[in-house]
Amino acid sequence: MTDRQFEEFLRNAAQDYNRPPEGTPTEEIWADIDEARSGGWQRSQWRSAAPWWSLGRGIAATVALWVFPLTAVAGGAALAINHWTSDDTGSELAHLEIGHDQEQDTRHGHGQHAECGDIDTRVAALNALLQMETEQALPILMDVLERRDVCSVELRRRAVFLISQHETRETDDILLDAAIEDPDEEVRQQAVFWLGQLSSDEAVSALESILQDADDIELKKKVIFALSQHGSSRATRILRDIALDSRAHEEVREQAIFWLGEEGTSEDLSALMNLYDRMDNDHLREKIIFAVSQSGASNAEEWLLGVASDHRESMDLRENAVFWLGQRQSQAAVEALESVLFGGVQELQEKAVFALSQHGSNRAMELLRGVVVDGNAHPETREQAIFWLGQEGSSEDVATLMDMYRQIQSHDLKEKIIFAVSQNGDREGEEWLLDLARNEREPMELRKNALFWVGQEGDIDAADLRELYDEAAAFEFKEHVIFVLSQRDERDAVEELITIARGERDEELRDKAIFWLGQTDDQKAAEFLAELINRPTR
Amino acid sequence: MFDVRCSNTGYCRCATNFPNPLSVLVEPGTIEKSWGAVDEELLVARVKRGDAAAERQLYDSHVDRMYRLAYRMTGDDDQAQEFTQETFIRAFERIDQFRGEAAFGTWLNSIGTSVIYNGLRKVTRFRQREYEYDEVGAIAGSERQAEPDLKERLTLAIDDLPVKYRMVFVMHDVEGYTHEEIGSALNMPVGTSKAQLSRARARLRESLAEFAGEWAS
């Protein structure tokens, strides 16, 4: 097949490549444009911000963990993981599916107690009680709950659920008894869970009494969750009291704080904020910062800024507050971060830079650009801003960095700009880096730096790199181009190295190209080396 | 003001009374061509004055082509919409910088290709990170695929092209842009566009070598 025939074939076959749908979603795109322009937000920004909150806590925590080490705000990440992936929270959420899961649990139970005989039939009979009138079903279920033999464990676990479905005046008491008296931990915990699902005030009283009387911390934590799900003002008040109660177990208080942040009213959150001031337990104070940051409280930003600005506070907590400020997608959060940025505390300024980069709004990025060009800002803060503009910024941000490069003298900052521009992946940025590498008036180290980073990007042609090689006069620069080509794991780069090795008159440079060709496992390189070795002597 | 009447042969007669009475017969296509350009200039001028209706008209004229290119490059409706949206937002924001030296469509293309190019690079980098993160699981869970057919192989081969080559290939061979248009859009000489297309095709030919019998038939 000739080239022309192949081109024709290719053109036809490629028509199916990512074939667009029949109609362009004109109105949808226009609506997005409209919204973005009126709200100062772009679809992409909204999307990139959304995963933190919409992917689910586990994934968001993973993202936080991934990003966080770069910022060294370890406390925040630990906090996030603790809340988002702890067994406690996870298992409590899992209880929501308990009705479905229970069948499976029962089958596991059967496997463990083979001597119990045909437990499937018994469970089926138990399940059938769900369809029966309460007067008939309840006595049977209560009999099951009173059993203590090993074969009844699975039946009792099932029974607490069935009893909760037959809601009568006795239900709360029966579940309360099961929660306190049953020897099986899972039966107790499930009884607590189903108590939280009952709408009655008696259920809340029952849960409260468990909190007061039980010694089992795990069970108390389940009670906290059950109360948070009840949603009544009394249930929430109990949570608040526990959060404030210095005599209560720390883990139980921590759970109460967490669920108040998730489910609480503005009054509850105000109580938490007040508690923060009176509390000397930093661990719980961290939990309050997190809880407030996750809440819908209108004054959350102001409060978090207050924590961040409080000189009496530990730096860890202040940094924590700055981090969580950045996770609130509000204008007020940006304003608060702006205050931190100009607050004069360098550690916090760096955290604010990161938080702003994660916020991603136009204003946030504008502030970051401001830091980059601010000659009075601390060099490390500027470096951070440069780094995050490179990571998260738009073409406009990259343009700011490139402008900035021309204006500053600091070698270190120039290096940071080169790296940041290379990381952004912006096309204009790549061209700028290539120009920089070519520019003989620039210091050699910076030229090499630019060349190295631009060379790492697969979209710069190996041929472009060799052009640079041909144009360059300096030995050191040529040597560096050879190195950059050698670091590209691609055939084109090998071919360019072969061209250099073939045509270079400088023996040292030629040997370098040959050396690096030997490091590849490319067939062409091997053939070329064989050719050199077997070249006839003259 | 012009009065234009066209016959079903495509010939049109343009008449005006200002400044002097004039009536001209023009060839098929002339009106669309010249009036289209004039219309667009007027639209751009109106957009510069902040006319929202004109923005919408300009958008309507170009959104299809932009969305198609974005879709071809991403294969994903959400991303294509996102890139198209961003292209128009940038264009409207920078409309004052549009001097009218080239057609508005050409200028828009240069913004659009830049948005797509940069966007794809970011997505690729993000996916690489994702991949690194999930590498173990992904490898453990992967199964060797059955021999892909030619179409699948072609898709994979195009996907594997460096973004710059892929952009040139898709614009030229799939969406029918000329090298002049590609050169303007990607800010490169026409010769470079041709060279890159040639390299892209060569790579694709090599990737499809084992199907030579099939495509030769």
Convex hull volume per residue in cubic angstrom - Cα atoms of the range A:420-481:
71
Please compare each pair in A:LYS220/A:LYS287; A:LYS414/B:LYS164; A:LYS221/A:LYS351; A:LYS478/A:LYS524 to a cut-off of 24 Å on the Cα-Cα distance and tell me which ones are over it.
A:LYS414/B:LYS164; A:LYS221/A:LYS351
As an exercise, identify the GluC sites (Glu not before Pro) in the range A:371-449 lying in DSSP coil whose Cβ has no more than 13 other Cβ atoms within 10 Å.
A:GLU440
For a bin width of 10 Å, list the pair-distance distribution of the range A:350-493 built from all Cα-Cα distances, rounded to whole %.
12, 41, 30, 14, 2
To the nearest µm²/s, what D does Stokes-Einstein give for the range A:180-251 at 37 °C and 0.692 mPa s, using the Kirkwood radius over alpha carbon pairs as Rh?
273
Calculated FRET efficiency for the pair A:ALA473/A:GLU527, C-beta based, R₀ 41 Å, to 0.05:
0.85
May I ask which residue of A:PHE290, A:MET279, A:SER314 lies farthest towards the positive end of the charge dipole of the range A:273-374, with charges of +1 (Lys, Arg) and -1 (Asp, Glu) on Cβ and the Cα centre as origin?
A:PHE290
In sequence order, calculated HN-Hα J values of the range A:364-378 (Karplus, 6.51, -1.76, 1.60; Hz; x Gly/Pro):
4, 5, 4, 5, 5, 4, x, 5, 4, 8, 7, x, 8, 5, 4
In whole Å, what is the distance between the alpha-carbon centres of the range A:389-466 and the range B:53-113?
27
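Computed over the Cα atoms, what is the radius of gyration of the range A:234-301 divided by 2.2 N^0.38 Å, N being its residue count? Working shown, then result.
Numbers: Rg = 10.4 Å, N = 68, 2.2 N^0.38 = 10.9 Å.
Taking N as the residue count of the range A:234-301, the ratio is 0.95.
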Roughly speaking, what is the centre-to-centre gap between the range A:505-522 and the range B:177-196 when only Cα atoms are used, to the nearest Å?
34
Can you list the GluC sites (Glu not before Pro) in the range A:462-538 that are in a DSSP coil and have 16 or fewer other beta carbons within 10 angstrom?
A:GLU490
Nearest 0.05, what FRET efficiency do A:GLN5 and A:ARG406 give at R0 = 41 Å with Cβ-Cβ as r?
0.20
Kindly provide the pair-distance distribution of the range A:318-409 built from C-alpha pairs, with 10 Å bins from 0 and whole-percent values in order of increasing distance.
19, 55, 24, 2
How well do other chains shield peptide B:78-86, expressed as the mean number of their Cβ atoms within 10 Å of each residue Cβ?
6
Where does each of B:81-90, A:132-141 land if you order them by average Cβ count within 10 Å, highest first?
B:81-90, A:132-141
Quick calc, the range A:401-515, dipole around Cα centre from Cβ unit charges on Lys, Arg (+) and Asp, Glu (-), nearest 20 debye, gives 260
With label points set 7 Å from each Cα along the Cα-to-Cβ direction at A:THR26 and A:ASN12, the distance between them in nm comes to 3.3
Would you mind calculating the gained length between A:GLU396 and A:ALA332 on full extension (0.36 nm times residue separation, minus the Cα-Cα distance), in nm to one decimal?
20.7 nm
Starting from the 7 Å offset along Cα-to-Cβ, what nm value, one decimal, do you get for the label separation of A:ASN439 and B:ASP60?
4.7
J(HN,Hα) series, the range A:175-192, from Karplus relation 6.51 cos²θ - 1.76 cosθ + 1.60, nearest Hz, glycine and proline x
5, 4, 4, 4, 5, 9, 8, 5, x, 8, 4, 5, 4, 4, 5, 5, 4, 5
Extension gain A:HIS311-A:GLN136, at 0.36 nm per residue separation less the Cα-Cα distance, in nm?
56.4 nm
In nanometres, what is the gap between the two model label sites at A:SER298 and A:GLU186, each 7 Å from Cα along Cα-to-Cβ?
4.8
Can you work out the FRET efficiency for the pair A:HIS378 and A:GLU262, with r the C-beta to C-beta distance and R0 = 41 Å, to the nearest 0.05?
0.65
Separation between Cα centres of the range A:219-281 and the range A:335-382, rounded to whole Å
34
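When you look at the Cβ of every residue in A:21-33, what mean number of other chain Cβ atoms sits within 10 Å? Kindly include the intermediate steps, with their values, before the conclusion.
Values: counts 5, 0, 2, 11, 6, 6, 0, 4, 13, 8, 1, 7, 11.
For this peptide, the per-residue mean of nearby foreign Cβ atoms is 6.
Can you give the Rg to Rh ratio of the range A:379-424, both from alpha-carbon atoms, with Rh computed by the Kirkwood formula?
Expressed as Rg/Rh, it is 0.91.
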Once you average over the residues of B:163-171, how many Cβ atoms of partner chains fall within 10 Å of each Cβ?
3
Taking 0.36 nm per intervening residue step and subtracting the Cα-Cα distance, what contour gain separates A:THR121 from A:ARG37 on full extension?
23.9 nm
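Read the figures in this text as sums done on the coordinates, not as results from a lab. Quick caveat: nothing in here was measured; it's all calculated off a predicted structure. For neighbour counting, all protein chains shown are included, and Cβ atoms are generated from backbone atoms with ideal geometry for every residue, glycine included.
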